[in-house]
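Visitor: Okay, handing you the structure first.
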Amino acid sequence: MRLQQYLIESPIFDTDHWEELRNNLNKDCKPFIKELKGASELLYRGVKRSEIPDFYTIKTTRTNRRPRFVHMDLHNELGSYLKSKFGWNPRTEGLFTTKSISNAYSWGNPVIIFPIGKFKYIWIENAHDLYGSYDSYSDLDPDSPTRKLVFKNIKRIVDVEYNSTNLNKYLSIPSHTTTECIIKCDRYYSINIEWLETLKGYYCNRYQG
């Protein structure tokens, strides 16, 4: 198939740029690409306007992430619990992504994420109750017995709802709610969202080889 069929009508999206992007992703992101067969979405992340790449950029994942909206006590306690369950701390080591562009817009300007090399992940299809519990925890006094009950409920949601396998399933189910996927990788491609249909058409719907 000719490469041009995957490109949209824009002077930015020429064959030379597409070949560069495709060749680099094929070389660096094989484990992630294997998860995309038949998927309906990619991974997205909301970023500051200054962080939007004109084309793409390679970024290093922070390993000392601090929370933007979650109470620090919860961040630390939940991080310890997640590490005991999954073997790594998604709260500090993870790259927060989503399969929903509308969710990504809630955090900034959406970009497309391709993890480089081997990676780990946890995902939750519906994070609405989890986020609601985060807010409840933050509003309660540290010594409140209710706060302990809220954290117990958070752990229950983590135990029941978080998945650490079958990323393809996550990317293949249409979502109409708040959804989250936390990635553990050393580096990743951050790609301008204008490449969305090209990448979905090539990696998810048509090309697998």
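Readers should treat all values here as calculations from the given coordinates under stated rules, not as data from a laboratory. Every value quoted in this text rests on a predicted model; they were computed, and no experiment measured them. Don't worry about glycine lacking a Cβ; one is built from the backbone with ideal geometry, like all the others, and counts go over all protein chains shown.
Visitor: By average Cβ neighbour count within 10 Å, what is the ranking of 83-94, 43-54, 58-69 from highest down? Intermediate values should be presented prior to the final figure.
Guide: Values: 83-94: 18.0, 43-54: 15.3, 58-69: 12.2.
Descending mean neighbour count gives 83-94, 43-54, 58-69.
Visitor: Something else about it: In nm, to one decimal, how far is the Lys30 label point from the Asp16 one, both placed 7 Å along Cα→Cβ?
Guide: Here the answer is 2.9 nm between the modelled labels.
Visitor: Same structure, new question: Using each residue's phi in the stretch 18-27, evaluate 6.51 cos²θ - 1.76 cosθ + 1.60 at θ = phi - 60° and report the 3J(HN,Hα) Karplus result to the nearest Hz, with x for Gly and Pro.
Guide: Each residue's phi maps through the Karplus curve to give 5, 5, 4, 5, 4, 4, 5, 5, 4, 6 Hz.
Visitor: For the chain, build the convex hull from the C-alpha positions and give me its volume per residue in Å³.
Guide: 117
Visitor: Right, here's the next one. Highest mean first, how do 149-159, 120-130 rank when packing is the count of other Cβ atoms within 10 Å averaged over residues? List each step's numbers first, then the result.
Guide: On the way: 149-159: 15.6, 120-130: 18.5.
Ranking, from highest mean packing down: 120-130, 149-159.
Visitor: Kirkwood hydrodynamic radius, the stretch 70-172, all distinct C-alpha pairs: what's the number in Å? Walk me through the numbers before you get to the answer.
Guide: Numbers: mean 1/r = 0.0668 Å⁻¹.
Evaluated on the stretch 70-172, it is 15.0 Å.
Visitor: What ³J(HN,Hα) values, in whole Hz, does the Karplus curve 6.51 cos²θ - 1.76 cosθ + 1.60 give for the stretch 135-145 when θ = phi - 60°, with x put for Gly and Pro?
Guide: Result, rounded to whole Hz: 5, 4, 4, 5, 7, 9, 5, x, 8, 6, x.
Visitor: How far is helix 72-86 tilted, in degrees, relative to the longest principal axis of the Cα atoms in the chain, given as a value from 0 to 90 rounded to the nearest 10?
Guide: It works out to around 70 degrees.
Visitor: Given a cut-off of 20 Å, name the pairs among Lys48/Lys155; Lys34/Lys85; Lys34/Lys169; Lys27/Lys120; Lys27/Lys85; Lys34/Lys99 whose C-alpha atoms lie farther apart than that in the structure shown.
Guide: Lys48/Lys155; Lys34/Lys85; Lys27/Lys85
Visitor: Per 0.36 nm of contour for each residue apart, how much would the distance between Thr57 and Asn76 grow if the chain were fully extended, relative to their Cα-Cα spacing?
Guide: On the way: separation 19, 0.36 × 19 = 6.84 nm, distance 3.05 nm.
That works out to 3.8 nm of additional length.
Visitor: Using R₀ = 25 Å, calculate the FRET efficiency as 1/(1 + (r/R₀)^6) where r is the Cβ-Cβ separation of Glu197 and Ser50; round to 0.05.
Guide: 0.50
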